[in-house]
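The values are calculated or read from the model by the stated rules, or taken from the named source; none is laboratory data. In this text, all values refer to a predicted model and were calculated from it rather than measured experimentally. Ideal geometry is used to build each Cβ from the backbone, glycine not excepted, and the neighbour counts take in all protein chains shown.
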Amino acid sequence: MSKNNKDTQHSIYYNDDAHTVLKKYRLRRRIILLIYILGTLVNLFFLFTKVLIHHENIWFLCFPLWLIFRGICLLLAQLQFTPVANIFYKDCDPEKFYEVISMFKMFKSRGKDKDNHTLIMLYKALCCYYIPERQAEGLDIIKEIHFIKPTPVGEQMRLLCSAYYAKDTQDKEWFAQIKSEFENLPNLYSFRKGSIRMQKEYGLRLRLTELMWDFPENFIPENAKEARILLNKLLSGSNNALREVVYHFNLAKLDMAAGEYQNAKPHLQYAVFYGGQLSLKAEADIMLKECEQFI
């Protein structure tokens, strides 16, 4: 069980409750908005003085600079959600993340605001998947999600999350539809480098979900071998604490099903130590005790 210092860092909101997280998130966005307003006013003042007072025609310079400044401010505002999402991905705390995004103001208008709302609901559905008592809610959400202007990343996330729910509900027809849509994504969108990388990774995760469908009942050795290879491959390229915990937990389940308790032990220790508030942490702890009895 090993992790470097970078991997063990928590989110910046680790010690905050949900209400404090929301306050800090809104404060950061308001500061960016204030900077944007001030920058726009300075740009207008400069343009006004040069054009009307000094009679210099420099709008062709001010306008592009303002567009660049505006783009930077919008990007910074969007990036403020990443530390919030790290409550889920780094702290492994789906309950707190659920509370925070449930307090977000939801926009249900058309266009971009509608899709922003849809993206938040997608995160909520994914979060609910890791909270047993909220899985029914998550299933209802994921079945209603539809982007007005789909993007490769949004569709990849939606389909993978749907696949998780399809597996848990044993809905093979739904899973087949999800798999078909996922494989058809490259025909619908012009993928950039990052989207291509994600398509490959999400494809591996989708295949892993398919392989683990009948675990432990009717689980054949060939599937176990391929699943183990995929888990180790995904684990080696992961920088996401939540996924790493899940991958280690699944490797432990494969080891225990094969009677390899010595190999399962470090994976279970990892899941228990880094599992945060995930429900599988308690399950991993029980399995670890059972494992130690056979060693």
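Of everything in the stretch 252-271 that's among the aliphatic types (A, V, I, L, M) and buried (at least 20 other Cβ atoms within 10 Å of the Cβ), which residue is nearest to the chain's Cα centre (by Cα)?
Our first condition is that a residue be among the aliphatic types (A, V, I, L, M); within the stretch 252-271, this holds for 252, 254, 256-258, 264, 268, 271.
Within this subset, residues satisfying the condition of being buried (at least 20 other Cβ atoms within 10 Å of the Cβ) are 252, 254, 256, 264, 268, 271.
Values: Ala252: 23, Leu254: 25, Met256: 29, Ala264: 27, Leu268: 23, Ala271: 19 Å.
That would be Ala271.
Kindly indicate the residue of the stretch 152-178 that is of a type in the set (Ser, Thr, Tyr) and part of a helix (DSSP H, G or I) and also nearest to Asp115 (Cα to Cα) among those meeting that condition.
Of the stretch 152-178, the ones of a type in the set (Ser, Thr, Tyr) are 162, 164-165, 169.
So of that shortlist, the ones also part of a helix (DSSP H, G or I) come out as 162, 164-165.
On the way: Ser162: 18, Tyr164: 22, Tyr165: 22 Å.
Among them, the one singled out is Ser162.
With Leu126, Leu206 as the choices, which residue is closer than 30 Å to Lys105 by Cβ and in a helix (DSSP H, G or I)? I'd like the intermediate steps shown before the answer.
Details: Leu206 fails: closer than 30 Å to Lys105 by Cβ.
Among Leu126, Leu206, only Leu126 is closer than 30 Å to Lys105 by Cβ and in a helix (DSSP H, G or I).
Please identify the pairs in which a residue from the stretch 20-49 that is within 24 Å of Cys62 (Cβ to Cβ) and free of Cβ contacts under 8 Å to residues at least 60 places away in the same chain has its Cβ atom under 6 Å from the Cβ atom of a residue that is surrounded by 13 or more Cβ atoms within 10 Å (Cβ to Cβ) and not aromatic (Phe, Trp, Tyr), counting only partners at least 6 apart or on another chain.
Ile32/Cys73; Ile32/Leu76; Ile32/Ala77; Tyr36/Cys73; Asn43/Cys62; Leu47/Cys62
Do we find that Ser195 is modelled with pLDDT of 95 or more and small (Gly, Ala, Ser) in this structure? Even if it seems obvious, please write down each step before you answer.
Details: modelled with pLDDT of 95 or more: no; small (Gly, Ala, Ser): yes.
Taking the combined requirement at face value, the residue does not satisfy it.
If Trp213 passes every condition in (1) within 23 Å of Lys233 (Cα to Cα); (2) in a helix (DSSP H, G or I) but one, which one does it miss?
(2)
Give the stretch 279-295 a look and list any residue that's surrounded by fewer than 22 Cβ atoms within 10 Å (Cβ to Cβ) and of a type outside the set (Asp, Glu), or say none.
Taking the stretch 279-295 as the starting set, the residues that turn out to be surrounded by fewer than 22 Cβ atoms within 10 Å (Cβ to Cβ) are 279-283, 285-286, 288-290, 292-295.
Within the stretch 279-295, Ser279, Leu280, Lys281, Ala282, Ile286, Leu288, Lys289, Gln293, Phe294, Ile295 meet the criteria.
Filter the helices (runs of 4 or more DSSP H) completely within the stretch 56-105 down to those with at least 2 residues that are touching a helix residue (DSSP H, G or I) at 6+ places or on another chain (Cβ under 6 Å), not assigned by TED's automatic domain parsing to the domain that holds Arg29 and not aromatic (Phe, Trp, Tyr). Break it down into steps so the answer makes sense when it comes.
On the way: elements: 59-79, 81-89, 94-102.
Where helices (runs of 4 or more DSSP H) fall fully within the stretch 56-105 and carry at least 2 residues being touching a helix residue (DSSP H, G or I) at 6+ places or on another chain (Cβ under 6 Å), not assigned by TED's automatic domain parsing to the domain that holds Arg29 and not aromatic (Phe, Trp, Tyr), they are 94-102.
Just the residues that are in a loop (DSSP other than H, G, I, E, B) and either touching a residue at least 40 places away in the same chain (Cβ under 8 Å) or surrounded by 13 or more Cβ atoms within 10 Å (Cβ to Cβ) (or both), please, taken from the stretch 137-151. If you could, list the steps in order and put the result at the bottom.
We begin by selecting, within the stretch 137-151, every residue in a loop (DSSP other than H, G, I, E, B); these are 145-151.
Ile145, Phe147, Pro150, Thr151, listed by residue number.
Report whether or not Lys105 is surrounded by 14 or more Cβ atoms within 10 Å (Cβ to Cβ), at pLDDT below 95 and among the charged types (D, E, K, R). Before the answer, list the steps.
Details: surrounded by 14 or more Cβ atoms within 10 Å (Cβ to Cβ): no; at pLDDT below 95: yes; among the charged types (D, E, K, R): yes.
So Lys105 fails the test.
Can you name the condition, by its number, that Glu133 falls short on among (1) modelled with pLDDT of 95 or more; (2) not in a helix (DSSP H, G or I)?
So the condition that Glu133 fails would be (2).
Here are Asp16, Asp113: which of them is surrounded by 12 or more Cβ atoms within 10 Å (Cβ to Cβ) and either modelled with pLDDT of 95 or more or assigned by TED's automatic domain parsing to the domain that holds Gln277 (or both)? Steps first, answer last, please.
Values: Asp113 fails: either modelled with pLDDT of 95 or more or assigned by TED's automatic domain parsing to the domain that holds Gln277 (or both).
Only one candidate passes the filter, namely Asp16.
How many residues does the stretch 152-170 contain that are surrounded by fewer than 17 Cβ atoms within 10 Å (Cβ to Cβ) and more than 12 Å from the chain's Cα centre (by Cα)?
Residues flagged as surrounded by fewer than 17 Cβ atoms within 10 Å (Cβ to Cβ) and more than 12 Å from the chain's Cα centre (by Cα) within the stretch 152-170 amount to 3.
Only one residue in Phe249, Phe191, Phe273 is over 18 Å from Tyr164 (Cα atoms), part of a helix (DSSP H, G or I) and aromatic (Phe, Trp, Tyr). Which one? Steps first, please.
Values: Phe249 fails: over 18 Å from Tyr164 (Cα atoms); Phe191 fails: part of a helix (DSSP H, G or I).
One residue alone meets the criteria, Phe273.
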